[in-house]
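Read the structure below first, then the notes.
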Amino acid sequence: MSTVTKYENWLWDITRYYLEPCADFNTADHSFTLKSNPFSREKIHPGPYRIGKNIEDANVYRIGHPLAQRIIEKCKALTLPNRDVTFQYSATPKKITVVESLCGRSGWLSATSVTISSFETEDHLILQGCCDDGSELDGETWRRFFSLPATEGASASSMSADMPRLLKTQLERQRQGIIDGIGAKNAAYFEVELDKLDKWGEDSRNSLRQTLKELDDRIKELKKLARLAPNLPEKLQHEKERRQLEGKRDEAWREYDGAARDIEKKKDQLIDEIEKKLKQEVTEQELFTIRWKMM
């Protein structure tokens, strides 16, 4: 049997679910061949397809494959009714302590897709739920549920009166935690970029200060040479060179002042850019709600 990663296994499961009516699957090597085209309006190669590495006798099937992308899009768009789902911990050889303690218990679980657009667009899956006694579980524990075999039952029974409120409170708390995390990350980005500007500006000013010092030192030296010159031609030569250097010094001072203004301008641009990106847009979509039981 070929070894696949966690993400490849998820892709395998969702592909088997969606293509079940129109493909033959070989679990031993994580391969499948289409019996019919699942997207009749598109040209789809019949296969075979295989998940894994060093594949030469089949189409390499990975998350970026066009067929995989189409299946994921279709599954994300499904409308899922509330269902009873029984997770079979007793049917798995895995030892999951946090789940084992839940055997015999039941409750509710919802999944919500949250997209936050700020500096960049981030997608998050929030799992929120409770046991029937109102006790909450963390997101990682909920995720472990979906590593177990499960059976789907009939439509879920009605929630207790306070369960929708509990689920909503959890969703809002987790969503705000994500937003706060993004805010902290954006603040760190701002500090790093501002620090880069300050260091660049300081390096530029230090370089210009050194140039100014060298010019001033040379000008002082020429003034002394002119004063001590034994004849008028040498005195004039030193004075002429001094005047040229004074012009360069004046230009260096203008460059120094311009560099300072340029730094402030770049800081203003950075602040304006970040202000625009701080206008977060949050969208969310409930994916499913289930009545769960752990056996």
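Set side by side, the residues 35, 94 differ, and just one is assigned by TED's automatic domain parsing to the domain that holds residue 143 and without any contact (Cβ under 8 Å) to a residue 60 or more places away in the chain, which is 94. Scanning the range 138-184 for residues that are hydroxyl-bearing (Ser, Thr, Tyr), farther than 25 Å from residue 98 by Cα and either assigned to a strand (DSSP E or B) or not assigned by TED's automatic domain parsing to the domain that holds residue 92 (or both) returns a single hit, 155. If we scan the range 187-199, do we find a residue that is assigned by TED's automatic domain parsing to the domain that holds residue 263 and touching a Lys or Arg at 6+ places or on another chain (Cβ under 6 Å)? Checked against the condition, which is being assigned by TED's automatic domain parsing to the domain that holds residue 263 and touching a Lys or Arg at 6+ places or on another chain (Cβ under 6 Å), the range 187-199 yields at least one hit. Criterion first (of a type in the set (A, V, I, L, M, F, W, C), assigned by TED's automatic domain parsing to the domain that holds residue 19 and more than 18 Å from residue 20 (Cα to Cα)) does residue 55 satisfy it? Here the answer is yes, as residue 55 does meet what is asked. Candidates in the range 71-94 are the residues that are more than 30 Å from the chain's Cα centre (by Cα) and within 15 Å of residue 127 (Cβ to Cβ); of these, the one that is surrounded by the fewest Cβ atoms within 10 Å (Cβ to Cβ) is 85.
Conditions tested, residue by residue: (1) over 30 Å from the mean Cα position of the chain (by Cα); (2) without any contact (Cβ under 8 Å) to a residue 24 or more places away in the chain; (3) part of a helix (DSSP H, G or I).
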| position | (1), (2), (3) |
| --- | --- |
| 210 | yes, yes, yes |
| 222 | yes, yes, yes |
| 230 | yes, yes, no |
| 240 | yes, yes, yes |
| 250 | yes, yes, yes |
| 255 | yes, no, yes |
| 275 | no, yes, yes |
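Does residue 218 satisfy the criteria of being over 28 Å from residue 11 (Cα atoms), assigned to a helix (DSSP H, G or I) and in the same structural domain as residue 250 (by TED's automatic domain parsing)? The answer is yes for residue 218. Taking the range 206-245 as the range and being in contact with a helix residue (DSSP H, G or I) (Cβ under 6 Å, 6 or more places away or on another chain) and either among the hydrophobic types (A, V, I, L, M, F, W, C) or within 30 Å of residue 261 (Cβ to Cβ) (or both) as the test, the residues that pass are 208, 211, 212, 215, 218, 219, 222, 225, 226, 229, 242, 245.
Would you mention how many residues in the range 40-60 are closer than 27 Å to residue 6 by Cβ, within 34 Å of the chain's Cα centre (by Cα) and not aliphatic (A, V, I, L, M)? Residues flagged as closer than 27 Å to residue 6 by Cβ, within 34 Å of the chain's Cα centre (by Cα) and not aliphatic (A, V, I, L, M) within the range 40-60 amount to 10. Only residues that are acidic (Asp, Glu) and more than 16 Å from residue 253 (Cα to Cα): list them for the range 198-236, please. If the condition is that a residue be acidic (Asp, Glu) and more than 16 Å from residue 253 (Cα to Cα), then 198, 221, 234 are the ones that fit.
Filtered by the rule that a residue be in a loop (DSSP other than H, G, I, E, B) and surrounded by 11 or more Cβ atoms within 10 Å (Cβ to Cβ), the range 95-107 gives 96, 101, 102, 103, 105. Does the range 110-129 include one or more residues that are surrounded by fewer than 17 Cβ atoms within 10 Å (Cβ to Cβ), assigned by TED's automatic domain parsing to the domain that holds residue 153, among the aliphatic types (A, V, I, L, M) and not in a strand (DSSP E or B)? So far as the range 110-129 goes, no, none of its residues is surrounded by fewer than 17 Cβ atoms within 10 Å (Cβ to Cβ), assigned by TED's automatic domain parsing to the domain that holds residue 153, among the aliphatic types (A, V, I, L, M) and not in a strand (DSSP E or B).
The values are calculated or read from the model by the stated rules, or taken from the named source; none is laboratory data. These numbers come from a predicted model, not from an experiment. Cβ sites come from the backbone with ideal geometry, for glycine too, and all protein chains shown count toward neighbours.
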